[in-house]
Amino acid sequence: MEWTCDVVVVGGGHAGTEAAAAAARLGARTLLVTPDLERVGQMSCNPAIGGIAKGVVAREVDALGGIMGRATDASRIHFRMLNRRRGPAVWGPRAQCDRALYPRAVRRCLEELPGLDLFQDRVDGVVLGEEDGAGVVGIVTQGGHRVRAGAVVVTAGTFLRGRIHRGTGPGTAGGRAGEAPSVALAEALEGMGFEVARFKTGTPPRIDGRTVDYGKVELQEGDPEDFRFSSYTREKVPSQRPCWITWTGPALRRVVEENLQRSALYGGEISGRGPRYCPSIEDKIVRFPDSPRHQVFLEPEGLDTTELYVNGLSTSLPGDVQEAFVRSVPGLERARITRLGYAIEYDYFPPHQLRHTLEVRAVPGLFFAGQINGTTGYEEAAGQGVMAGINAGLRALGRPSFTLERDEAYIGVLIDDLVTRGVDEPYRLFTSRSEFRLLLRQDNAVARLGPRAAELGLLTDAQETALEDRQAAESRIHRWFVDTRLGPEEAAGLLEEAGAGGITGPTPAAELLRRPGVEAEALFAAATVPAPPPGDSAALRAVEIELKYSGYVERERQRAQVLRARAQFELPESVPYDAFITLSAEAREKLTRIRPGTLAQAGRIPGVSQADLQNLVMEVRKWRGGGTVGPRVRRGASRG
Ligand SMILES: Cc1cc2nc3c(=O)[nH]c(=O)nc-3n(C[C@H](O)[C@H](O)[C@H](O)COP(=O)(O)OP(=O)(O)OC[C@H]3O[C@@H](n4cnc5c(N)ncnc54)[C@H](O)[C@@H]3O)c2cc1C
């Protein structure tokens, strides 16, 4: 068979499904090719979406019209807002999902899109145009099919030359448990001259919940609130299930220490780096010798199964050792393992080879997204997928590209970090990666990105209506707080309850809300002016947070403005950094390799100092004006 389409997406994981959906929503004729259509949207590891920073990304993907939020709502069986005791800037919605319902919801969302076709096959290579620099013109599959396309998005996850390890020995070829690796595609991409490196990740054993002694583990119920990841579509949420908590102790430490050399990681079988913040149990025992215990979450895999995910015991130790250490944990003494844990090593492409659009610099029209860019996590993959899909679609349709700045979205932070800083371990998002985390909250994702999505044409009519309703609700609520004044008597009760001092004259509700302990509902109840109509509780929470922290939010907005000014100073691809002798050798080398698009991006490259930035501005101005480059050297300023 031969196809012609606008965009081909290679891989049906979290990056691929979002990329395909985004391109199709823009109106690009899109084909998603993946080796097994039954596994579209499969969760390779824990069936959980969200968490700190990651939960914000899931909401950003949704705000851009993506699938992840809807699929999570339709499959979530346990929900918690993490970090609730800390400020709302770091709240992270997290959902445990039903492993079977999530991919089913993803598939349904894909099949709703008229411009998107799905095809089951493995892609073996990318086809380039014949003229020099012509870029990508399509793909070729293992089944011998050719697809011509204006843009190709590769999202092959952990499959490129994937090798699964459990215990010592060379391991077995595999892209995920029970699935073949993609070797031909890995070789084809390497043959195109890309830099390639290896990372590893791992997964814990699963156990049968009927063999757990629940008297010895701590019950953890989900939050009762009716939270939705999707701001546009109200999916029916399944019934909820609890999780449980237990702890490892000295017995587990003994088992792991005695068998360390039998682990693939410590037996020398794995050379790739793993995620530092998601370590295996072997890593935890070795790296934290003084830690007497480690937390273990027992999380349901679904509604119709007793299987539990043993979060915290990721491992590459052999099966007999896994059984021994699992049974050393209180509550799991008689636990039966249903699936063994394993580690997987795979190829990734160091992401300095990409533009901020996720297009590969060296090959016009070729985009990479997800784990193959050195990240880990479903949300990180989905965030990149949606951006790569948008840009592939825009390119194929001859429209200008779309990027997000660091103060607009965690997705912007993620991509900027990847492209300008590179990775030396599997990259995952944290709130600490953002300098504007009060701006990038989960509650305002739709306010930040919804209008951008609508402008691009990413939203359906129903989604646009939902967006307009939400905006109208927010502006009504906001107006109430700004326009409504409470007198000293009206406010006395609620201020006393909040432990705040009294007021002497009529005071705007917005100002009272800024006082610690004063809540929106209390102000509605105390004011004589009728409260705004009840309705969208998510809109109320978003306005409440925005007003409560307005001073800090405003300060962050001002800092973002400064960065924006730097972002206006563009650095074209052809800047001859090598010739700029006023720059340090390290800065010249890194700028030449990374080729940042703006001065702001240059400033975030480790090793490029403030002095280098000042010199860079002078050099680029001179170069633009046709003057001699590098006549003066100014050194010695502090590192940026
Ligand atoms: C064992 C294991 C443990 C993990 N542990 C964690 C963890 O603890 N925490 C965490 O956050 N993340 C973890 N992950 C990572 C998480 O699964 C990934 O980050 C996420 O799935 C990446 O999404 P992706 O779309 O990039 O790739 P994937 O979800 O892997 O999807 C890749 C897709 O590409 C398809 N594909 C591959 N080759 C081809 C080809 N040649 N042609 C067409 N299609 C192809 C595959 O079939 C698949 O559909 C783990 C992954 C694995 C495998």
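Structure summary
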item	result
Segment 563-598, residues that are over 22 Å from I415 (Cβ atoms), of a type in the set (A, V, I, L, M, F, W, C) and assigned to a loop (DSSP other than H, G, I, E, B)	F580, I581, L583
Failed condition for G202, given (1) within 16 Å of the ligand (Cβ to nearest atom); (2) in contact with a Pro (Cβ under 7 Å, 6 or more places away or on another chain)	(2)
Breaking point among (1) at pLDDT below 85; (2) among the aliphatic types (A, V, I, L, M); (3) under 38 Å from the mean Cα position of the chain (by Cα); (4) surrounded by fewer than 16 Cβ atoms within 10 Å (Cβ to Cβ), for A611	(4)
Unmet criterion (only one of (1) under 30 Å from T504 (Cβ atoms); (2) buried (at least 21 other Cβ atoms within 10 Å of the Cβ)) for A445	(1)
Which numbered condition E218 fails, given (1) in the same structural domain as E299 (by TED's automatic domain parsing); (2) within 15 Å of the ligand (Cβ to nearest atom)	(2)
Filter result (in a loop (DSSP other than H, G, I, E, B), in contact with a strand residue (DSSP E or B) (Cβ under 8 Å, 6 or more places away or on another chain) and buried (at least 22 other Cβ atoms within 10 Å of the Cβ)) within segment 364-373	G365, A369
Residues satisfying the stated conditions in segment 165-180, i.e. under 23 Å from G125 (Cα atoms) and either near the ligand (Cβ under 8 Å from one of its atoms) or in contact with a Cys (Cβ under 9 Å, 6 or more places away or on another chain) (or both)	G175, R176, E179
Which listed residue, of T315, T357, is within 24 Å of the chain's Cα centre (by Cα), crowded, with 24+ Cβ neighbours inside 10 Å, of a type in the set (S, T, N, Q) and assigned to a loop (DSSP other than H, G, I, E, B)	T315
Cross-chain or 6+ apart pairs with Cβ under 7 Å, segment 577-589 first and on the phi < 0 side of the Ramachandran plot, then among the acidic types (D, E)	F580/E619; T582/E619; L583/D612; S584/D612; A587/D612; R588/D578
Qualifying residue in segment 322-340 (condition: within 13 Å of the ligand (Cβ to nearest atom) and not hydroxyl-bearing (S, T, Y))	yes
Single condition H78 does not satisfy, out of (1) within 18 Å of G302 (Cβ to Cβ); (2) crowded, with 22+ Cβ neighbours inside 10 Å; (3) touching a Cys at 6+ places or on another chain (Cβ under 9 Å)	(2)
Subset tally (residues that are outside any strand (DSSP E or B) and more than 14 Å from the ligand (Cβ to nearest atom)) for segment 2-33	7
Whichever residue in segment 157-216 is among the charged types (D, E, K, R) and under 15 Å from A264 (Cβ atoms) and, among such residues, is nearest to the chain's Cα centre (by Cα)	K200
Positions within segment 143-152 being over 28 Å from the mean Cα position of the chain (by Cα) and in a strand (DSSP E or B), in sequence order	R146, V147, R148
Some residue of segment 329-348 being β-branched (V, I, T) and either at pLDDT below 95 or closer than 19 Å to A197 by Cβ (or both)	yes
Candidate set from segment 389-403 (those that are crowded, with 24+ Cβ neighbours inside 10 Å and farther than 21 Å from G133 by Cβ); member that is farthest from the ligand (Cβ to nearest atom)	G393
Selected residue [at negative phi and crowded, with 24+ Cβ neighbours inside 10 Å] from V40, V33	V33
Scan of segment 415-432 for residues that are within 16 Å of the ligand (Cβ to nearest atom), over 10 Å from the mean Cα position of the chain (by Cα) and assigned to a loop (DSSP other than H, G, I, E, B), ordered by number	V423, E425, P426
Segment 351-401, residues that are aromatic (F, W, Y) and either out of contact with any Phe, Trp or Tyr (no Cβ under 7 Å at 6 or more places or on another chain) or free of Cβ contacts under 8 Å to residues at least 40 places away in the same chain (or both)	F367, Y378
Odd one out for C45 among (1) within 16 Å of the ligand (Cβ to nearest atom); (2) modelled with pLDDT of 95 or more	(2)
Strands (runs of 3 or more DSSP E) wholly inside segment 74-142 that include at least 2 residues being away from the ligand (no atom under 16 Å from the Cβ)	76-82
In segment 242-261, the residues that are surrounded by fewer than 17 Cβ atoms within 10 Å (Cβ to Cβ) and among the basic types (K, R)	R254
Yes/no for E60 being part of a helix (DSSP H, G or I), within 15 Å of the chain's Cα centre (by Cα), of a type in the set (D, E, K, R) and more than 10 Å from the ligand (Cβ to nearest atom)	yes
Any pair with Cβ under 6 angstrom, 6 or more apart, that starts in segment 499-523 at a residue that is closer than 24 Å to D536 by Cα and of a type in the set (V, I, T) and ends at one that is at pLDDT 95 or above and not in a loop (DSSP other than H, G, I, E, B)	V518/L512
Verdict on Y348 being out of contact with any helix residue (DSSP H, G or I) (no Cβ under 6 Å at 6 or more places or on another chain), within 16 Å of the ligand (Cβ to nearest atom), hydroxyl-bearing (S, T, Y) and touching a residue at least 12 places away in the same chain (Cβ under 8 Å)	no
Only one of L354, L404, L394, L366 that is out of contact with any His (no Cβ under 8 Å at 6 or more places or on another chain), among the hydrophobic types (A, V, I, L, M, F, W, C) and under 30 Å from R84 (Cα atoms)	L404
Residues being closer than 20 Å to P88 by Cβ and under 32 Å from the mean Cα position of the chain (by Cα) - total across segment 517-557	24
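This table checks each residue for (1) of a type in the set (A, V, I, L, M, F, W, C); (2) assigned to a helix (DSSP H, G or I).
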{"position": "V386", "(1), (2)": "yes, yes"}
{"position": "L394", "(1), (2)": "yes, yes"}
{"position": "F402", "(1), (2)": "yes, no"}
{"position": "V413", "(1), (2)": "yes, yes"}
{"position": "E435", "(1), (2)": "no, no"}
{"position": "D443", "(1), (2)": "no, no"}
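The values are calculated or read from the model by the stated rules, or taken from the named source; none is laboratory data. A quick note: this is a predicted structure, and the numbers were derived from the prediction, not measured. For neighbour counting, all protein chains shown are included, and Cβ atoms are generated from backbone atoms with ideal geometry for every residue, glycine included.
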